[in-house]
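Below is one structure, written out as structure tokens; comments come after it.
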Amino acid sequence: MRALSVQQPWAWLIVNGWKNVENRTWKTNVRGEIAIHAGKTFDHAGYEWVEEAFPEIWMPSPEEFEKGGIVGTVKIHDCVEEMTSPWFFGPYGFVLVGGIHKNFKPCRGQLGFFNVDY
């Protein structure tokens, strides 16, 4: 299965169905189910932004997030250059549907899409 590494809390937001787009500087033709890998780096500024912009979303405290492994799956439906989602910042957005949180599986991440035994 292909995987994509995403910093926390973004990985958590994707697999829990809140974040419907993953912003990248590059396009993709990949479609279908992929695994979401939570990188070891935590985006503290992003966490604070989510708390302010989406007070209805309960998130774990920063130290509780799983890091350094697969946290779930999602389907890539499309790749767009504009979108009305509040999560879209571009320049490209991988449109995501059906995020599913799954049992954590430690593994190393890589840049871009990479293959995992999942």
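The values are calculated or read from the model by the stated rules, or taken from the named source; none is laboratory data. The model shown is predicted, which means the values in this text are computed figures rather than measured ones. Here Cβ is always computed from backbone atoms with ideal geometry, including for glycine, and neighbour counts include all displayed protein chains. The protein model used for the area step is the full one, side chains on, heavy atoms only, and it has no ligands, DNA or RNA in it. Shrake-Rupley method; radii C 1.70, N 1.55, O 1.52, S 1.80 Å.
A few points about this structure:
- Between segment 57-118 and segment 9-41, the alpha-carbon centres lie 2 Å apart.
- Segment E33..K75, full-extension length gain: 14.7 nm, with 0.36 nm per residue of separation and the alpha-carbon distance subtracted.
- This model, with +1 at the C-beta of Lys and Arg and -1 at the C-beta of Asp and Glu, gives segment 1-110 a dipole about its Cα centre of some 700 debye.
- Portion, in percent, of the accessible area of segment 46-100 that falls on carbon or sulfur, probe 1.4 Å: 52 percent
- If you plug the beta carbon distance of A45 and S85 into 1/(1 + (r/R0)^6) with R0 = 22 Å, you get a FRET efficiency near 0.70.
- Per residue, the solvent-accessible area of segment 44-114 (1.4 Å probe, heavy atoms of protein chains only, all protein chains present) comes to 61 Å².
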